[in-house]
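Input: a single structure, listed below in structure tokens.
The values are calculated or read from the model by the stated rules, or taken from the named source; none is laboratory data. Remember, predicted model here, so these are calculated numbers, not experimental data. For neighbour counting, all protein chains shown are included, and Cβ atoms are generated from backbone atoms with ideal geometry for every residue, glycine included.
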Amino acid sequence: MTAIIRRVLSICLSAVWLCSLAAAQSVNSSQTFQPSQASAVVPRLVNYSGRAIDADGKIVSGTAGATFAIYSEQSGGAPLWIETQNITADVTGSYTVQLGATKPDGLPLDLFTTGEARWLGVRVNNGEEQPRVLLLSVPYALKAADAETVGGLPASAFLLAHAANSAAQSNAALAQSSVLPATSSDVTTSGGTANTLPLFTTATNVQSSILTQTGSGATGKIGINMISPAATLDVNGPETVRGTLTLPAAGAATATAGKNSQATAFTASAYNSSTKAAVAQNFRWQAEPAANNTTAPSGTLNLLYGLGTAAPTETGLKLSSKGVFTFAPGQTFPGGGAFCIATGGGFGSGGTTFVAPSFTVPAENKCASWSGFTKTASTVILNTSGAACLSTTGKTLTVSVSSLDPDFLGTNPAVDYIQLTRASSTGAFTGGTDQGEFSGSADQITCTSSLLSLPDVHD
């Protein structure tokens, strides 16, 4: 009996030893790994986008030399790392480089091991260093990637395998853990230029745009292709306005005073040989109220001028709401001069004055066009026109005058005939008669500034 028991125990111990040996072999085979994506070396390069600016603040385009330096401080101090590359900038000065591209090992990892802030300074063509920008999360990801490995292998490579009956599941989980996670959709940036508004260059990357802002609130200024804008909106380049450009009134009119429109200013620069300096020539167009606080308010478009730093003032040239110009004092017209005919004493004496701002008396036995306006004590008729013919002796000028208002001249068509005479074939016409609606005397008179100008409100 004892012999039988010993034999059974011997068989059981042998079975236990064989199972242990099989389990050990299973563990050894499950700990054999293939290289995974996680063990790949992280590239030590960081994309950086910036704008190339020279020492004068002007944009640099094309190929240029740029020196990149990383510091531990926003200003001052010695660089922790430095690199020089050739950059290619577009017409706006924008460029993109890979920091570390000229170094065999790229950026050194120990730049980012302390967790302290790092600042990037850039010099273009050996100029002044641009304001340093703070490096954000992308460079620090280099250290984070290194920290997630042990000896270049993922942490999952050092896990023990499960029992033999679950070896297949263990291998499947290990294969899944060795695959890198999907690309993050978090927005990143390698920094930008101070006072520059951000621009999404891709769905997940932000860099500097051509828009800049200085100041804030009421003193804020926006620049387009301008590093230091000089006005609320400062644009460097051509513009296209696809709509009405409105310049509203400076305020609402009251019974006391009307309000001018916002002005359109034009500035030229002329050199003064006496002062040896450039002098600004400032012109301004603006709409101005006319006949304010009356039953027929109106407006005019006026030209103003100012020299140098002086505020622009009225030149005397303006355009009425009826399309009639009032000319500045001393205005002359090529090919002729102002010609005025008064009937019944003329304007101011109960009569009528026919005014042609630019008229040349025709040659003998010839005719010339007559164009101007008509003035009475209370009414102005626009677009008075007709013809003037000189006799063969040169002593008689017959003028036909028509008007847009038939009721004014009393005929239809509205035409009047005036005949002027002079003693010789040259000189002024000293007398004459109106042979139409204003029958009676007619005379050529001197065209004063009051006759050549029109009131702001008229028919």
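The table below lists the values:
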| item | result |
| --- | --- |
| Positions within region 100-125 being among the β-branched types (V, I, T) and either in contact with a Leu (Cβ under 9 Å, 6 or more places away or on another chain) or at pLDDT 85 or above (or both), in sequence order | T102, V122, V124 |
| Conditions (1) in contact with a Ser or Thr (Cβ under 7 Å, 6 or more places away or on another chain); (2) over 30 Å from F359 (Cβ atoms); (3) in a loop (DSSP other than H, G, I, E, B): number failed by Q286 | (3) |
| Some residue of region 203-210 being under 27 Å from G50 (Cβ atoms) and loosely packed, with under 11 Cβ neighbours inside 10 Å | yes |
| Matching option when the condition is out of contact with any strand residue (DSSP E or B) (no Cβ under 9 Å at 6 or more places or on another chain) and surrounded by fewer than 13 Cβ atoms within 10 Å (Cβ to Cβ), among S269, S228, S273 | S273 |
| Residues that are under 56 Å from the mean Cα position of the chain (by Cα), modelled with pLDDT of 80 or more and loosely packed, with under 15 Cβ neighbours inside 10 Å, drawn from region 412-448 | T446, T448 |
| Within region 197-218, tally of residues that are in a helix (DSSP H, G or I) and either modelled with pLDDT of 90 or more or at negative phi (or both) | 1 |
| Members of region 55-72 that are surrounded by 13 or more Cβ atoms within 10 Å (Cβ to Cβ) and more than 14 Å from Y95 (Cα to Cα) | A69, I70, Y71, S72 |
| Selection from region 300-316 of residues that are of a type in the set (S, T, Y) and under 20 Å from S269 (Cα atoms) | Y305, T309, T313, T315 |
| Hits in region 246-297 - residues which are among the hydroxyl-bearing types (S, T, Y) and within 34 Å of the chain's Cα centre (by Cα) | T246, S261, T264, T267, S269, Y271 |
| Filter result for G191 (crowded, with 16+ Cβ neighbours inside 10 Å and in contact (Cβ under 8 Å) with a residue 24 or more places away in the chain) | yes |
| Residues being in a loop (DSSP other than H, G, I, E, B) and either free of Cβ contacts under 8 Å to residues at least 24 places away in the same chain or touching a Gly at 6+ places or on another chain (Cβ under 6 Å) (or both) - total across region 219-236 | 9 |
| A161 being of a type in the set (A, V, I, L, M, F, W, C), modelled with pLDDT under 70 and not in a helix (DSSP H, G or I) | yes |
| Where G306 falls short, out of the listed (1) in a strand (DSSP E or B); (2) modelled with pLDDT under 95; (3) of a type outside the set (D, E) | (2) |
| Extreme residue, farthest from L454 (Cα to Cα), among residues of region 274-305 that are of a type in the set (G, A, S) and out of contact with any Phe, Trp or Tyr (no Cβ under 8 Å at 6 or more places or on another chain) | S274 |
| The one condition in (1) assigned to a loop (DSSP other than H, G, I, E, B); (2) loosely packed, with under 15 Cβ neighbours inside 10 Å; (3) at pLDDT below 90 that K322 fails to fulfil | (2) |
| Output for region 240-255, where each listed residue is exposed (fewer than 10 other Cβ atoms within 10 Å of the Cβ) and either more than 14 Å from A291 (Cβ to Cβ) or in contact with a Cys (Cβ under 6 Å, 6 or more places away or on another chain) (or both) | T240, V241, R242, G243, T244, L245, T246, P248, A252 |
| T393 modelled with pLDDT of 90 or more and surrounded by fewer than 18 Cβ atoms within 10 Å (Cβ to Cβ) | yes |
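Every residue, every condition in (1) farther than 30 Å from L211 by Cα; (2) part of a loop (DSSP other than H, G, I, E, B), yes or no:
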| position | (1), (2) |
| --- | --- |
| P238 | no, yes |
| V241 | no, yes |
| L245 | no, yes |
| A257 | yes, yes |
| F266 | no, no |
| T295 | yes, yes |
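Every residue, every condition in (1) without any contact (Cβ under 8 Å) to a residue 24 or more places away in the chain; (2) under 26 Å from S371 (Cβ atoms); (3) surrounded by 15 or more Cβ atoms within 10 Å (Cβ to Cβ), yes or no:
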position: N282; (1), (2), (3): no, no, yes
position: W285; (1), (2), (3): yes, yes, yes
position: A290; (1), (2), (3): no, yes, yes
position: T294; (1), (2), (3): no, no, no
position: L301; (1), (2), (3): yes, yes, yes
position: L307; (1), (2), (3): no, no, no
position: T313; (1), (2), (3): yes, no, no
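Conditions tested, residue by residue: (1) in a strand (DSSP E or B); (2) at pLDDT 85 or above.
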| residue | (1), (2) |
| --- | --- |
| S20 | no, no |
| V27 | no, no |
| V42 | no, no |
| T63 | yes, yes |
| T67 | yes, yes |
| Q74 | no, yes |
| E83 | yes, yes |
| T88 | yes, yes |
| Y95 | yes, yes |
